């Protein structure tokens with residue numbers, strides 16, 4: 001259980017966080033969503049139509065007609081406020097059931113998240129319905145600390161060196177967005193189109209990644225976020241968002257399925273939040289017992 005719990009934490013923290021993505025564990029077909037469909041997730045969660053999980057141009061690039069380009073540019077302008085819209089909060093807390101599905105094992109855990117925006121991410125993992133403490137992590141913009149409560153080990157690192165123990169470099173902003181259900185990467189919209197079943201689809205690029213994000217036209221909620229490296233044949237990832245609820249006047253996804261695919265390896269994490277709060281007074285307890293061993297890097 002310990003190895004699986006730590007892997008859950010690492011994938012949650014790192015799955016989509018930086019350009020050192022190449023050693024990351026990968027995503028397999030989700031139990032109900034799949035790689036071969038784009039899922040239009042509403043509060044009832046239904047599938048609206050297929051789209052291959054491949055990155056193809058949103059428009060036919062062989063068509064050079066000026067009206068086609070003009071329509072796409074108009075849609076990009078229309079959707080820019082939607083893309084730039086982000087949650088506003090000072091603190092976030094949540095409790096989620098996490099199902100981990102890997103090639104050799106399946107496990108379930110409870111994850112407790114606490115965030116002070118742009119400052120601290122605190123994660124506690126328990127097993128057996130919350131009865132067994134497994135791991136505790138505290139991340140700031142410049143430090144990574146993890147207590148392995150089963151093996152009685154502690155890891156302390158500058159955040160810039162966390163790749164020594166994690167499958168990828170750690171980007172604080174991306175981890176924060178992954179937990180709160182926002183777009184994981186920033187970037188500039190490079191293309192836009194009308195998708196299947198009442199959706200908009202935008203393509204966004206930064207220096208390392210290309211994202212394809214679909215939104216529900218009816219309520220502007222984010223449905224899926226596909227991501228790949230700009231480098232050809234690099235890893236691919238997909239996050240699906242559902243179970244939207246309005247909490248303290250904020251619309252947020254309470255159900256996430258995170259798939260990461262890298263070569264033949266495949267992993268899936270299914271997170272379902274049972275409780276979410278904003279702007280509560282939070283503490284971030286993190287103590288190291290005297291009998292714990294400092295893990296050598």
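Summary table below
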{"item": "Filter pass, residue 220 being in contact with a helix residue (DSSP H, G or I) (Cβ under 7 Å, 6 or more places away or on another chain), exposed (fewer than 15 other Cβ atoms within 10 Å of the Cβ) and outside any strand (DSSP E or B)", "result": "yes"}
{"item": "Among residues of segment 259-284, those that are at pLDDT below 95 and more than 20 Å from residue 87 (Cα to Cα), counted", "result": "12"}
{"item": "Of residues in segment 174-217 being modelled with pLDDT under 90 and closer than 28 Å to residue 142 by Cβ, the one surrounded by the fewest Cβ atoms within 10 Å (Cβ to Cβ)", "result": "207"}
{"item": "Single match in 269, 288, 276 (criterion: more than 24 Å from residue 119 (Cα to Cα) and in contact with a strand residue (DSSP E or B) (Cβ under 9 Å, 6 or more places away or on another chain))", "result": "269"}
{"item": "Check on residue 152, in contact with a helix residue (DSSP H, G or I) (Cβ under 6 Å, 6 or more places away or on another chain), surrounded by fewer than 22 Cβ atoms within 10 Å (Cβ to Cβ) and modelled with pLDDT under 95", "result": "no"}
{"item": "Set 237, 233: member being modelled with pLDDT under 95, more than 13 Å from residue 87 (Cβ to Cβ) and loosely packed, with under 15 Cβ neighbours inside 10 Å", "result": "233"}
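The values are calculated or read from the model by the stated rules, or taken from the named source; none is laboratory data. As the structure is a computational prediction, the values presented were derived from the model and not from experiment. Counting neighbours? That spans all protein chains shown, and the Cβs are built from the backbone with ideal geometry, glycine included.
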